[in-house]
Amino acid sequence: MTEMPRFTDLPHIPPPTMPIEPKLEIRNQGELVATLGAADLQALGPRECTADFHCVTTWSVTGLVWTGVPLREVLASVGIVDAPTPYLVARAGDRRKAALLWEDAIADNVLLATHLNGAPLDERHGAPLRLVSPSQYGYKSVKHLIAIDFRAEEPRVMSKEHLRARVALEERHPHLPSSVVRVPYRLTIAPTAYLAEWTLNRRRVS
Ligand SMILES: Nc1nc2c(c(=O)[nH]1)N[C@H]1C(S)=C(S)[C@@H](COP(=O)(O)O)O[C@H]1N2
Ligand SMILES: [Mo]
């Protein structure tokens with residue numbers, strides 16, 4: 001693919017209504033550690049980062065340019081330098097969540113992005129703030145990000161989600177081998193992308 005489609009497991013649901021400005025809560029086992037806004041992210045010096053994007057269902061887009069701040073630097077700015085817990089959950093305005101291991105979350109290429117290809121994120125791709133983790137399958141790149149929660153126990157957030165989901169190791173599914181899921185996943189791409197776009201457009205006209 002050359003353009004990134006709007007993609008989700010719930011394509012019949014339109015994107016959530018979000019505030020224009022990012023607002024991110026950082027929590028440690030429920031307790032609020034910090035709340036960051038647009039100015040806090042701006043102060044950390046957003047930069048451009050070029051990366052490919054791989055959805056677990058087998059579509060990929062190459063050469064996306066994200067603008068944002070590495071999650072590691074955002075956490076350091078609120079005093080989190082060592083892992084408070086081994087796991088964290090990224091939470092979105094549409095109630096979607098992704099579980100991450102600390103070491104995956106603080107990788108150099110994991111960003112909190114506000115822009116894609118030079119333009120502010122739109123509702124299709126996760127406005128106003130999105131986690132981008134290019135080395136992991138797309139389901140870790142949580143759109144409409146509202147919170148990062150540290151957890152002591154492995155979070156059980158989605159039955160089809162691999163904890164690590166490393167693209168290089170083809171960790172597509174927590175239990176099933178990649179060879180089994182690749183074909184059925186591929187068959188879902190066209191209907192999912194079509195329905196996700198249709199849902200978005202229907203909401204725009206109504
Ligand atoms: N909030 C939220 N983030 C999400 C999803 C979602 O449904 N809601 N879908 C994930 C999946 S499965 C993929 S492949 C990518 C798709 O990103 P795109 O719609 O910008 O192409 O977003 C991921 N992040
Ligand atoms: Mo995906």
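Couple of notes before you dig in:
- Accessible area per residue (1.4 Å probe, heavy atoms of protein chains only) ranks THR85, THR8 as THR8, THR85, with the largest value leading.
- With Rh defined as the Kirkwood radius, the inverse of the mean 1/r over Cα pairs, the Rg/Rh of region 23-205 is 0.96.
- Accessible area of GLU3 in the full protein assembly, 1.4 Å probe (Å², nearest 10): 140
- Highest-fluctuation residue, ALA193, ALA105, ALA43 considered, GNM on the chain with Cα pairs under 10 Å: ALA43
- For a straight C-alpha distance cut-off of 16 angstrom, the lysines reachable from LYS160 (same-chain residues fewer than eight places away being disregarded) are LYS97, LYS140.
- Candidates GLU161, GLU31, GLU73: whichever shows maximal mean-square fluctuation once the chain is modelled as a Gaussian network with Cα springs under 10 Å: GLU31
- Among PRO84, PRO15, PRO134: highest mean-square fluctuation, GNM of the chain, C-alpha pairs under 10 Å: PRO84
- Farthest towards the positive end of the charge dipole of the chain, among the residues PHE53, SER133, ILE148, is the Cα of PHE53, using unit charges on the Cβ of Lys, Arg, Asp and Glu.
- Were the residues from ASP52 through LYS160 laid out at 0.36 nm apart, the gain over their Cα-Cα distance would be 36.7 nm.
- Measuring with a 1.4 angstrom probe and ignoring ligands and nucleic acids, ILE80 comes out at about 20 Å² accessible.
- Each Lys and Arg Cβ is given +1 and each Asp and Glu Cβ -1; about its Cα centre, the chain then shows a dipole of about 700 debye.
- With the convex hull drawn over the C-alpha atoms of region 46-94, the volume per residue is 136 Å³.
- Ranking of HIS115, HIS12 by solvent-accessible surface, largest first: HIS12, HIS115 (1.4 Å probe, protein heavy atoms only, all chains present).
- Per-residue ellipticity at 222 nm computed for the chain from its helices equals -6500 deg cm²/dmol, with DSSP H segments shorter than 4 residues left out and the rest contributing -39,500 (n - 2.57).
The values are calculated or read from the model by the stated rules, or taken from the named source; none is laboratory data. Worth saying up front: this structure is predicted, and the values here are computed from it rather than measured. Heads up, the Cβs are rebuilt from the backbone with ideal geometry, glycines too, and the neighbour counts pull from every protein chain shown. The area values use the complete protein model at the heavy-atom level, side chains included, leaving out ligands, DNA and RNA. Shrake-Rupley method; radii C 1.70, N 1.55, O 1.52, S 1.80 Å.
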